[in-house]
Amino acid sequence: MSIPAFATLLERLLFSPGRNAKLALLRQWFETQPDPDRGLGLAAIAGELSFRTAKPGLFRELIATRTDPALFAMSYDYVGDLAETIALLWPDDARANAPPPGLAEVVETLEMAAGAEVPAIIARWLDGLDAGARLALIKLVTGGLRVGASARLAKTALAEWSGQPVNEIEELWHGVPPPYIALFDWLEGRGTRPDPAGVPIFRPLMLAHPLEEADLISLAPGDWAAEWKWDGIRVQLTAVPGGRRLWSRGAEDISASFPEIIQAMDFHAVADGELLVVRDGVVAPFSDLQQRLNRKSPSAKMLADYPVAVRLYDLLFEGGEDLRPLPFDARRARLEAWHARAQPARMDLSALIDFEDFAGLEALRAGARAASMEGLMLKRRDSAYEPGRMRGKWWKWKRGTQNVDAVLMYAQRGHGKRSSFYSDYTFGLWREAEGGEMELVPVGKAYSGFTDQDLLFLDKWVREHTTNRFGPVREVEPGLVLEVEFDAAQRSPRHKSGVAMRFPRIARIRRDKPAVEADRLETLLAMIPGG
Amino acid sequence: MPPHPQTWLRVTPAGLWCEPGDFYIDPSRPVERAIITHGHSDHARPGHSAVLATAETLAVMRVRMGEGRAGITQQALGFGERLDLNGVIVTLRPAGHVLGSAQVVMEWQGARAVVSGDYKRRYDPTCPGFEPVPCDVFVTEATFALPVFTHPPASGEVQKLLDSVALFPGRTHVIGAYSLGKAQRMIAMLRAAGWEAPIYLHGALAPLCALYEEFGVSLGPLLPATVANKSALVGAIVLGPPSAVADKWARRLAEPVLCMASGWMRLRQRAKQGGVELPMVISDHADWPELLATAEDVQAPEIWITHGREDALIHALAGQGILGRALHLVGREEEGE
Ligand SMILES: [Zn+2]
Ligand SMILES: [Zn+2]
């Protein structure tokens, strides 16, 4: 019965807005499903299982021989989604005679089956399932599974269910292939901890807390090392005899997107750094790096136009030696010595900043206007490298933020606890339209920064000033000014306004300010570094 | 040769009008004489002079509209009783839609037309099941007239709810269900599935639940869902009208799981749009297979469609050798379900 059970899990994950609800659903899955089905389900949710055996066209052909074409066309037009239409239209009458397939049966069969047999096999499976399970099967075998649960969430559920720390699970994750039998054996106390030696695995990153001015007073300058916080993406470089990997901070394997980095990892070590686009030694704005993200196989032109490099922060392993228990100063010395010896291409060191006191450091921070610097990092000199966000070990001291006064334009309901509140806000700035009239152009979207009390006010305001509805979205009168704080403005051809904000949030509701006095688009455009 | 129903049953701006009998069926504006199939507001409107319906439907109308507005005179007609209105013989037959819902059977000079109102063919413990009546013209709705609407067995959907209650004992399950029909059917199905605990009701559902009880449909212990007993509602099942469940009212409950019992929940987009966490496909309207089976059961060579998706149904009926015709009645929007 596991495809129907898996379909029920997927459906509930998809519709549950709350994180706790998703965790409970996943825990129940691990608890109640047998091996190897539970591990295969986990792999599918974590995005580790992908088939390319079945293309959507195959399903179109299968359904064409089973439905009236006019009724199919009307149904598809009405439902809008091909997989869902096919799942709903597939005839139910054969179900009594065809048992539902198991998850393992589906996975194993598709790995073995010759292409020509696939349509008949899939048709037989569909005959044994109800509409919800048919949809799950179609999405699974066409690789279109979107479940609203991340790999990280699945691992957290695994940790909660088993009582093992999530970082332990994260660390073993890439060393144990689906269906994770050895992992489950260990989690259920039947087996020993799997040994990932020799396999490139992700080590959970150490993260920093945002520094408030008030925290500074209690810090002694001599205890701290300072370095710039570069505005790229945090990465982990893992090069071991069993392979090389580049990981994002979320444990995603991004090796394929950055082949030049993989090629440069001609060493045996695990390092922590920032991935940046660098031209002639100058770090380019984040928007340049964005061109390279999510491209599975970048063209030669992309590689030439957006050359990447890694600025190294830390060394976690040298050879087989785990340096993480060492204090920061000792690891830094090992990093410098190793870098001087190995001289890896496309990698330099993030320089340490000399400072006498925090006032001097603050002046430095305020003076750094380069867009490629997000601010400063403070690292306790005696701190070991510990996964997660440990208070008092690492601080991030961000550059002062920027803000504009924008006008609320649209609102949408939020997720989780906020699902009945209008808590996602799209706001705009004024610009002159043809004919001299002023018009609002949307410039961004924010769903944080405000207090609970602000939220109540905003929700009520949205309901009372709605002028139009589009599904879950409400359009409101242009009558409320929001002070929007953001980290940086950058050019964006994808936005109608031509500009995008990094991390916008609602700093204040400006009930005192009439909407006509909100900022103009030019004000924001002027904040883009380098014009 | 009996007169074809199109010569004596006409579409007028006020709705379907039986000319020789001089009465309307489910008229959309106030008229002298109206026959009402059932108490939903798109069928039963206030302000008619004389109203004929089942005793149950008349009672529903009084509860929903108040005594004065539910017709100046009310006449009850039981299922199967014959009434002569100017030579037109009128009979009511169960439609299986909600308490009191009836098909209107009209016979005139040897021709027979049946106006079914809204109907379904599934089992419903709160009202008698649909009885097909062979006729020359059958008038049907087409709310779910697309083959994608093949509704699963309702018992499985109720089981989903009970599974969820077991998985999330610290949360309150709040079900959006129409106040006439769906709510009481939901309660009766929960009782049949073994849920014996009190079921909590939004205030808008209480009067009709009481009325169902008066007509002998027993619903078990029902209590008001008020903020005062929020803690009692942890782990409980609460019912409210869909509008209240989607909005502020439900927020005050303990970590609510928003559930919706509706045939529209067959489509994911519908559930997503409504912010529904647990969609339950439970319909009080006929689904696609039921529409086609009914067309066959009533043996009518001609089927008129009041509202819904006419195009697909007309196409499919043509395949069965039946002539379909869209009436485009005004005042019937998409069925809230
Ligand atoms: Zn109705
Ligand atoms: Zn209706």
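The values are calculated or read from the model by the stated rules, or taken from the named source; none is laboratory data. Predicted, not measured: the structure shown is a model, and the values here were computed from it. Note that we place each Cβ from the backbone using ideal geometry, even for glycine, and neighbour counts take in every protein chain shown. Side chains included, ligands, DNA and RNA excluded: accessible areas come from the protein's heavy atoms. Shrake-Rupley method; radii C 1.70, N 1.55, O 1.52, S 1.80 Å.
Structure data summary
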{"read-out": "Neighbour-limited loop hits for GluC sites (Glu not before Pro), the range B:25-82 (at most 13 other Cβ within 10 Å; DSSP other than H, G, I, E, B)", "value": "B:Glu32, B:Glu81"}
{"read-out": "Total accessible surface hidden between A and B, rounded to 100 Å², 1.4 Å probe", "value": "2800"}
{"read-out": "Radius 11 Å from Cβ of A:Ile254, net charge of other residues (Lys, Arg +1; Asp, Glu -1)", "value": "+3"}
{"read-out": "Net charge, A:Thr156 excluded, C-beta distance under 11 Å - Lys, Arg +1, Asp, Glu -1", "value": "+3"}
{"read-out": "Dipole axis of the range B:18-113 (+1 Lys, Arg; -1 Asp, Glu on Cβ), positive-most option in B:Gly100, B:Val63, B:Pro27", "value": "B:Val63"}
{"read-out": "Principal axes of the range A:1-104: Cα extent on each, largest first, Å", "value": "45, 32, 28"}
{"read-out": "Debye intensity ratio I(q)/I(0), log10, the range A:61-209, q values 0.12, 0.15, 0.21 Å⁻¹ (C-alpha model)", "value": "-0.71, -0.91, -1.27"}
{"read-out": "Rg over Rh, two decimals, the range A:244-322 (C-alpha only, Kirkwood Rh)", "value": "0.97"}
{"read-out": "Orientation-averaged projected area, Cα convex hull of the range A:209-398 (nm²)", "value": "10.9"}
{"read-out": "Label-to-label distance, nm, for residues given as A:Gln343 and A:Ala96 (7 Å Cα→Cβ offset)", "value": "7.9"}
{"read-out": "Beta bridges by DSSP in chain B, antiparallel share as percent, to the nearest 5", "value": "35"}
{"read-out": "Whole-angstrom gap from the range A:386-460 to the range A:287-345, using each part's C-alpha centre", "value": "34"}
{"read-out": "In degrees, nearest ten, helix B:310-319 long axis to first principal axis of chain B (Cα)", "value": "60"}
{"read-out": "With every protein chain in place, the protein assembly as shown: carbon and sulfur % of accessible area (1.4 Å)", "value": "52"}
{"read-out": "Helical contribution to [θ] at 222 nm, DSSP H n ≥ 4, -39,500 (n - 2.57), averaged over the protein assembly as shown, rounded to 500", "value": "-9000 deg cm²/dmol"}
{"read-out": "Packing rank of A:93-102, A:305-314, where each peptide gets the mean count of other beta carbons within 10 Å, highest leading", "value": "A:305-314, A:93-102"}
{"read-out": "Listed peptides B:280-289, A:490-499 by packing density, highest first (mean Cβ within 10 Å)", "value": "B:280-289, A:490-499"}
{"read-out": "Positive-end residue, chain B charge dipole about Cα centroid, Cβ charges, pick of B:Val133, B:Trp17, B:Ala192", "value": "B:Ala192"}
{"read-out": "Positive dipole terminus of chain A, leading residue within A:Leu88, A:Pro101, A:Ala226 (C-beta point charges)", "value": "A:Leu88"}
{"read-out": "Electrostatic dipole magnitude of chain A [Cβ: Lys, Arg +1; Asp, Glu -1; Cα centre; debye, to 20]", "value": "140"}
{"read-out": "Among A:19-29, A:327-337, A:513-523, the order from most to least packed when residues are scored by Cβ within 10 Å on average", "value": "A:19-29, A:327-337, A:513-523"}
{"read-out": "Peptide-level mean, for B:142-153, of C-beta atoms on other protein chains within 10 Å", "value": "4"}
{"read-out": "Rule-of-thumb Rg ratio for chain B [Cα; 2.2 N^0.38 Å; N residues]", "value": "1.01"}
{"read-out": "Separation of alpha-carbon centers, the range B:58-101 and the range B:148-172, rounded to whole Å", "value": "35"}
{"read-out": "Calculated diffusion of the range B:80-159, Stokes-Einstein form, Kirkwood radius summed over Cα pairs, 4 °C and 1.567 mPa s, µm²/s", "value": "92"}
{"read-out": "Beta bridges by DSSP in chain A, antiparallel share as percent, to the nearest 5", "value": "90"}
{"read-out": "Zone of A:Asp357's modelled label, taken as backbone nitrogen in the range A:206-226 under 12 Å from a point 7 Å along Cα→Cβ", "value": "A:221"}
{"read-out": "Local electrostatic count at B:Leu233 - Lys and Arg +1, Asp and Glu -1, tallied over other residues with Cβ under 13 Å", "value": "+3"}
{"read-out": "Gyration tensor over alpha-carbon atoms, the protein assembly as shown, equivalent ellipsoid semi-axes in Å", "value": "61, 32, 26"}
{"read-out": "Check: the range B:1-116 dipole with +1 on Lys, Arg Cβ and -1 on Asp, Glu Cβ, in debye", "value": "200"}
{"read-out": "Cα-based equivalent ellipsoid of the range A:142-248: semi-axis lengths in Å, sorted from largest, via gyration tensor", "value": "33, 18, 17"}
{"read-out": "Burial of 10 Å² or greater, the range A:68-84 residues [accessible area, probe 1.4 Å, versus chain by itself]", "value": "A:Asp68, A:Ala70, A:Leu71, A:Met74, A:Ser75, A:Tyr78, A:Val79, A:Glu84"}
{"read-out": "Stokes-Einstein diffusion coefficient of the range A:402-525, Kirkwood radius over Cα pairs, 25 °C, 0.890 mPa s, in µm²/s", "value": "169"}
